[in-house]
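Report on one structure; see the data block that follows.
The values are calculated or read from the model by the stated rules, or taken from the named source; none is laboratory data. Every value quoted in this text rests on a predicted model; they were computed, and no experiment measured them. Cβ atoms come from the backbone with ideal geometry, glycine included; neighbour counts cover every protein chain shown. Please note that ligands, DNA and RNA were not included when accessible areas were found on the heavy atoms of the full protein model with its side chains. Shrake-Rupley method; radii C 1.70, N 1.55, O 1.52, S 1.80 Å.
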Amino acid sequence: MTKPAILAVDDEPEVLNAVERDLRSHYAAEYRVLKAGSGQVALDTVRQLRQRNAPLALFLVDARMPQMSGIEFLSEARQLYPDARKVLLTAYADTDVAISGINRVQLDHYLMKPWDPPAERLYPVLDDLLGDWTASFRPPFEGIRVAGSQWSPKSHEVKDFLSRSQTPYQWIDVERDAGARAQAETLSPGLKRLPVVFFPDGTSLVEPSTRALAEKIGFATTASRPFYDLLIVGGGPTGLAAAVYGGSEGLRTVLLEREATGGQAGTSAAIENYLGFPSGLSGADLARRATAQAKRFGAEVLTAREVRTIRADGPYRIVTLEDGAELSSYALLLASGMAVRRLEVPGIEALTGAGVFYGAALTEAAAVRGNDVLIVGGANSAGQAALSFARHARKVTMLIRGASLAGGMSQYLQDRIADTPVIEVLADSEVTAVHGTDRLEAADVATGAARAARRLEAAAMFIFIGSTPRSDLAAGLLERDPAGFVLTGPDLRVDGRLPRAWPLERDPFLLETSVPGIFAAGDVRHGSSKRVAAAVGEGSSAVGMVHKYLETV
Ligand SMILES: Cc1cc2nc3c(=O)[nH]c(=O)nc-3n(C[C@H](O)[C@H](O)[C@H](O)COP(=O)(O)OP(=O)(O)OC[C@H]3O[C@@H](n4cnc5c(N)ncnc54)[C@H](O)[C@@H]3O)c2cc1C
C-alpha cells in the first residue's frame with residue numbers, strides 16, 4: 001500500500017527545507033514527506049493525491065504566505081482530505097491568526113517557529129496527531145472508484161457494467177462522502193454530470209459511455225481482423241458456448257456483445273438447475289468462467305459493441321455496428337436472446353434507474369439494506385430476486401397478478417419464499433403508478449379481487465414481467481414468428497413448404513434460419529426452452545452446423 005503523505009508548505013525555501021529535513025529524519029519509514037513552496041502548488045499536489053486516492057495524514061503549513069495564506073490553503077485542502085490533521089506554523093506575532101484558524105478550519109495545532117529542538121517541540125506534537133489519525137484511518141481502496149449519486153440512472157448503469165464484467169470497484173455516494181464530493185466537483189462542476197469514475201493510474205472519466213469504460217478497463221472492443229469464419233451476435237450463455245466451441249475447433253470466431261457478457265443469466269443471483277453445480281452458481285460466475293474459456297480457445301470477445309443490422313451479400317454475412325463499422329464472416333449466429341418487458345405505468349420513466357430496476361440489479365443490494373422493496377412478477381427470476389433481497393431488505397413485497405405463486409414458479413422457490421418471513425406475497429395485484437421526486441418513494445397498487453387501491457412505500461422496485469425476443473436487427477431479413485422469435489430448421493416450413501426465398505436444394509439445418517449460413521440459437525429462437533442449459537446446448541450444437549455449412553462455401 002502507498003505510504004500516507006505528510007505535506008509541508010512554506011514559501012521560505014530555507015524554512016521549507018528545514019521542515020522537510022526534520023520530518024524525513026523522523027517519519028520517512030512510515031510516511032511520504034512532500035513539500036510545496038506555495039499554497040497554490042500545495043493545492044495542486046493535494047488534488048493529484050486525491051485523484052489517485054492516495055492517503056494524506058497531515059498538513060504542516062506556514063501561516064503567513066503571499067497570495068494564499070496558510071488558513072486559506074487549509075480551508076480548500078480539507079475539503080479534499082477532511083480527516084487529515086492540520087498544523088499551522090506561526091511566528092509569535094501571528095498567534096491570533098492561529099487561534100482564529102482553530103475555529104475556521106478546525107486547526108488541530110499551531111507550532112511556533114523555530115521548533116528547535118524537534119525532539120522536544122515538533123515530534124511529540126506530530127506523533128500524537130499522527131497516532132490519532134492512524135487510529136481512525138482505513139486504507140484506501142486501490143482499484144476503480146465510482147463517485148455518484150445512489151439514485152442516478154447513469155450511476156446505476158456504470159455500476160451494472162462493472163459488476164457484470166466482474167470488475168471490482170468501490171462505490172462512493174457523493175451525498176455521504178464530503179472528500180469524494182469535493183474531488184468529483186473538480187471534474188464535474190456542480191456535480192451536473194455523474195458518476196465520475198476514478199482509475200488507479202490517476203485518470204478519470206465523467207459520465208462515461210459503456211464503451212469508453214470498457215476500453216479504459218482494457219476490454220477488447222475492436223475486432224482484430226475484418227473477416228471471420230463465424231460471427232456471433234450476443235454474449236449470453238448461447239453466444240459464449242458457441243464462442244468456446246468455435247474457438248476450440250479452429251474457426252476464426254468473434255463474439256459481439258452490447259453490454260458485458262452473461263446475458264440474462266448474468267443477472268441471476270443463483271442458477272440452481274445447471275448441470276454439475278449442485279449448490280448452484282451465480283450468473284456472473286458462469287459468465288466470467290465462460291468468457292475466460294472462450295478467450296483461451298482464441299475466440300475474440302468484444303464487449304460494449306452493439307450490432308444494429310445484419311445483411312447477406314453473396315457468401316458473406318455482414319453486420320453493422322453502432323458506430324457504423326462493419327464486420328463480415330462466412331457464417332453468423334444470432335444469439336441475441338431476450339430483453340425484459342417494460343412496465344408501462346405513470347411516473348415510471350423518470351424513476352427507472354432511480355429506485356425502479358428491471359431484473360435483479362444485484363448492484364443495488366446494499367442500497368436496499370434496511371428498506372422496503374417491491375418485486376413485481378411471480379416467475380422464477382422474481383422468486384430468486386425476492387430471496388436474494390430478503391437478506392438485506394427490511395421487508396420484501398411480491399406483487400403477482402395470479403392468485404398464488406403456484407402457476408409460474410418452481411416448487412423449491414415457492415417453499416423457500418414461504419419459509420422467509422420478511423417476504424410477503426400480494427396476490428391478484430398490479431402496479432398502477434409510481435411516485436418519487438428524485439427516486440422511488442412509493443407505488444400505487446390495485447390488489448385483491450376488489451382491486452382495492454393501496455399505496456406501498458418502498459425504496460426500490462425490481463420488475464420481472466417477462467421478456468420479448470431481441471430480433472429487430474434481423475427484421476426484413478429472417479423469418480420470424482408473430483411474437484418476433486426467429487424461425488429455424490423445420491419451423492420454417494409452412495404447410496410443408498420452405499419459404500420462397502430459401503435458395504438451396506437442401507433443407508435448412510436444425511438451427512439455420514431462412515438465410516443460409518445465418519443460424520439462431522437460444523432464447524431468441526422460436527421454440528427454445530428458455531433455460532441456461534438449453535442455451536448452452538444450442539450454442540454448442542450450432543457450431544457443428546456451422547462446420548457443415550462452411551464445407552459448402
Ligand atoms: C433473472 C433471471 C434468472 C434466470 N434464472 C435461470 C435459472 O436459474 N436457470 C435457467 O436455466 N435459466 C434461468 N434464466 C433463463 C436464462 O438466463 C436464459 O434462458 C439464458 O440466459 C438465455 O441465453 P441466451 O444467450 O440465448 O440469451 P441472453 O441471456 O438473453 O443473452 C443475449 C445477449 O445478447 C446481447 N445482445 C442482444 N442484442 C444484441 C445486439 N444487437 N448486439 C450485441 N449484443 C446483443 C444481450 O446484451 C445479451 O447479453 C434466468 C433468466 C433471468 C432473466
Setting aside same-chain residues fewer than 8 positions from K395, which lysines have a Cα under 28 Å from its Cα?
K154, K159
With a cut-off of 8 Å between alpha carbons and a minimum separation of six or more residues, what is the relative contact order of the stretch 458-553 in percent?
22 percent
Can you compute the FRET efficiency between D44 and V345 using 1/(1 + (r/R0)^6), with r the Cβ-Cβ distance and R0 = 56 Å? Round to the nearest 0.05.
0.65
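Could you size up the charge dipole of the stretch 459-521 around its Cα centre, putting +1 on the beta carbon of Lys and Arg and -1 on that of Asp and Glu, and report it in debye to the nearest 20?
For this selection, approximately 60 debye.
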Could you check the simple spin-label distance between R416 and K216, using points 7 Å along Cα→Cβ, in nm with one decimal?
3.6 nm
With a Förster radius of 25 Å, plug the Cβ-Cβ distance of E72 and E185 into 1/(1 + (r/R0)^6) and report the FRET value to the nearest 0.05.
0.90
Can you figure out the FRET efficiency of Y316 with D201, using R₀ = 45 Å and their beta-carbon distance, to the nearest 0.05?
0.65
The extension gain from R493 to A91, computed as 0.36 nm times the residue separation minus the Cα-Cα distance, is 135.3 nm
Ellipticity estimate at 222 nm from DSSP helix runs (n ≥ 4, -39,500 (n - 2.57)) divided over the chain, nearest 500
-9000 deg cm²/dmol
As a percent rounded to 5, the proportion of antiparallel DSSP bridges among beta bridges in the chain is 40 percent
Over the Cα atoms of the stretch 233-288, Rg to Rh with Kirkwood Rh, two decimal places?
1.02
Within straight cross-link reach of K86, meaning Cα distance under 19 Å, which lysines are found once same-chain residues fewer than 8 apart are removed?
K3, K35, K113
Can you list the residues of the stretch 379-413 with backbone N under 15 Å from a point 7 Å past the Cα of R451, pointing along Cα to Cβ?
401-402
Any chance you could run the full-extension gain for A119 through K295? It's 0.36 nm times the residue separation minus the Cα-Cα distance, nm to one decimal.
57.4 nm
Against the 2.2 N^0.38 Å rule of thumb, the C-alpha Rg of the chain sits at a ratio of 1.23
Determine the percent antiparallel among the DSSP beta bridges restricted to the stretch 197-323, to the nearest 5.
55 percent
In Å², nearest 10: area of D428 left accessible to a 1.4 Å probe:
50 Å²
Quarter of Cα convex hull surface for the stretch 274-363, i.e. mean projection, nm²
9.7 nm²
Find how much the distance from D472 to L426 grows on full extension, using 0.36 nm per residue of separation minus their present alpha carbon separation; answer in nm with one decimal.
13.0 nm
Quick check: pseudo-label points 7 Å beyond the Cα along Cα→Cβ at L504 and E551, how many nm apart are they?
1.1 nm
Quick check: with the 1.4 Å probe, what order do K113, K159 take by accessible area, largest first?
K113, K159
In whole percent, and with a 1.4 Å probe on the protein chains, what portion of the accessible area of the stretch 199-239 is carbon and sulfur?
55 percent
Counting pairwise Cα distances across the stretch 379-509, what percent come out greater than 24 angstrom?
50 percent
On average, how much accessible surface per residue is there in the chain, in Å², for a 1.4 Å probe, leaving out ligands, DNA and RNA?
45 Å²
Report the accessible area of Y245, computed with a 1.4 Å probe over the heavy atoms of all protein chains in place, in Å² rounded to the nearest 10.
100 Å²
What order, most packed first, do the peptides 10-22, 93-105 have when packing is the mean number of other Cβ atoms within 10 Å of each residue?
10-22, 93-105
Which of G266, T210, F227 sits farthest toward the positive end of the charge dipole of the stretch 138-280, with +1 on the Cβ of Lys and Arg and -1 on the Cβ of Asp and Glu?
T210
Local charge sum around A350 (other residues, Cβ-Cβ under 13 Å, Lys/Arg +1, Asp/Glu -1)?
-2
